[in-house]
Amino acid sequence: MPRIALIPGDGIGVEVVHEARRVLEFVAEAEGADFELVDWDLGADRFLRDGITITDEEFRSLDEEHDAVLLGALGDPRVPSNQHAKDILLGMRFRLDLYVNFRPCVLLSPELSPLASAHTPLRLEIFRENTEGEYTGMGGAMREGTAAEVAVEENIATRLGVERIIRAAFEFADSRGRNRVTLVDKANVMRFVGGLWRRVFAEVADEFPDIETDAMFVDAMAMDLVRRPERYEVLVASNLFGDIISDLAAEITGGLGMAPSANIHPGRNALFEPVHGSAPDIAGQGRANPVGAIRCVALMMDHFGFHDAGERIEAAVVSSFESGETTPDLGGSLSTTEAATAIIEHLRAAYAVRA
Ligand code: NAD
Ligand code: IPM
Ligand code: MN
């Protein structure tokens with residue numbers, strides 16, 4: 001029986017996880033799947049109350065006693081250092097070695113894109129390296145606050161880290177019938193890190209002769225994603241570049257509120273979270289789009305082998321959009337809860353047909 005830790009976190013994270021949970025409970029029951037959902041109280045409130053972000057024992061429990069995590073978002077204006085988000089979110093990614101950050105940005109309907117030329121199918125599936133790059137915290141500062149301040153934030157790339165994310169991207173493309181894998185880097189400037197990525201990319205690509213490959217500098221990639229996104233399929237990038245292009249790809253395919261992500265160490269652990277943050281500007285108003293979080297449930301069901309359920313959730317999201325049952329970011333007037341209820345009703349109808 002899969003045991004899932006639910007970490008709503010901060011801001012709209014709490015609102016969207018509440019709805020994602022309802023979808024998960026509905027689908028699990030419809031599938032006859034036994035999921036145990038465990039509520040976790042991690043986030044800014046706890047940090048401000050107790051001074052604790054996350055303990056070693058909690059990491060151990062997430063690692064050993066849970067099969068997956070569903071997280072909302074972390075980030076709160078009352079914690080300007082963002083310390084708790086770094087400890088909890090980056091902590092899980094690093095300490096659980098969740099090296100694949102899979103961010104599928106799939107356009108469900110052309111009207112959802114701000115690009116006038118956008119059409120379906122448009123499927124930008126990003127494989128973001130999740131344990132290295134500029135995110136390791138290696139670095140330091142001296143003479144802080146003086147005119148002679150020095151700050152260093154290292155960009156770490158290891159052969160192991162680079163190879164395993166590139167391999168994950170190619171294996172995904174190969175198993176799902178995708179035709180092209182694009183490397184996104186800045187090898188024209190980053191000689192050492194860029195050189196490593198390029199060499200390993202070429203080596204792994206040789207093992208998949210049926211898959212087309214290309215490489216784009218990240219600045220040109222940003223431009224081309226707006227100009228002709230349909231040219232791209234699977235993208236693989238370092239931690240920081242993957243972070244940046246995933247927000248861009250999410251916006252092109254319907255907005256941040258729509259995009260899910262999975263942080264995975266294949267065969268070991270998985271953390272599902274929408275790509276968006278805690279959105280303090282709309283938190284507490286009941287207007288957050290729950291679809292990114294609900295699509296995380298689809299990824300989670302797929303992860304646990306319930307592929308049909310994952311597809312049904314995607315289909316229910318499309319149906320709700322086609323019926324205009326959306327939150328204000330998509331032009332609708334529904335609340336977060338009403339939008340989720342609409343999706344659940346479409347699921348109910350779909351499962352009733354099957355039964
Ligand atoms: P954000 O994603 O929270 O918000 C950016 C914009 O998109 C805002 O205008 C917001 O209202 C809108 N938006 C985001 N999600 C939405 C949704 N579901 N429905 C409707 N509109 C939505 O990014 P930000 O403002 O840069 O960051 C806010 C906080 O969240 C910061 O503390 C940041 O560090 C944190 N953050 C956390 C995560 C995470 O936990 N995975 C991801 C990104 C940002
Ligand atoms: C994301 C976020 C995080 C990141 C922040 C909140 C640490 O932007 O999940 O995309 O940079 O990875
Ligand atoms: Mn981001």
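All of the numbers you see were taken from the coordinates with simple rules; none came from a lab. This is a predicted model, so every value here is computed, not measured. Cβ coordinates were reconstructed from backbone atoms using ideal geometry, including for glycine residues, and neighbour counts include every protein chain displayed.
Things to note:
- When the chain is described by a simple charge dipole with +1 on each Lys and Arg Cβ and -1 on each Asp and Glu Cβ, the residue from Ala205, His66, Ile88 located farthest towards its positive end is Ala205.
- Cβ-Cβ FRET estimate between Ala220 and Arg191, R0 fixed at 25 Å, reported to 0.05: 0.90
- In plain terms, the chain from Glu57 to Arg180 could stretch by 40.1 nm, reckoned as 0.36 nm per residue minus the Cα-Cα distance.
- 3J(HN,Hα) from dihedral phi, segment 158-163, Karplus parametrisation 6.51/-1.76/1.60, rounded to Hz, x for glycine, proline: 10, 4, 4, x, 5, 5
- Cut-off 11 Å between beta-carbons: net charge of the residues surrounding Arg287, Lys and Arg +1, Asp and Glu -1: -4
- For Phe47, neighbours were defined as the other residues whose beta-carbon sits under 15 Å from its Cβ, and their charges (Lys and Arg +1, Asp and Glu -1) total -3.
- Simple spin-label estimate for Ile244 and Leu48 in nanometres, 7 Å along Cα-Cβ: 3.2 nm
- Contour excess over end-to-end distance, with Cα ends at Glu322 and Ala350 and 0.36 nm allotted per residue: 8.6 nm
- Relative to one another, the C-alpha centroids of segment 159-184 and segment 241-300 are positioned 21 Å apart.
- Within the chain, helix-based [θ] at 222 nm, where runs of 4 or more DSSP H residues each add -39,500 (n - 2.57), nearest 500: -13500 deg cm²/dmol
- Taking a sphere under 12 Å around the Cβ of Leu299 and counting the other residues whose Cβ falls inside, with K and R at +1 and D and E at -1, yields a net charge of -3.
- Radius of gyration, Dmax [segment 100-258; alpha carbons; angstrom]: 16.9, 56
- Likely footprinting exposure, His84, His307, fewest C-beta neighbours within 10 Å first: His307, His84
- Here is the list for segment 33-99: trypsin sites (Lys or Arg not before Pro) lying in DSSP coil, each with at most 15 other C-beta atoms within 10 angstrom of its C-beta, are Arg78.
- Charge dipole (debye, nearest 20) of the chain; +1 at Cβ of Lys and Arg, -1 at Cβ of Asp and Glu: 640 debye
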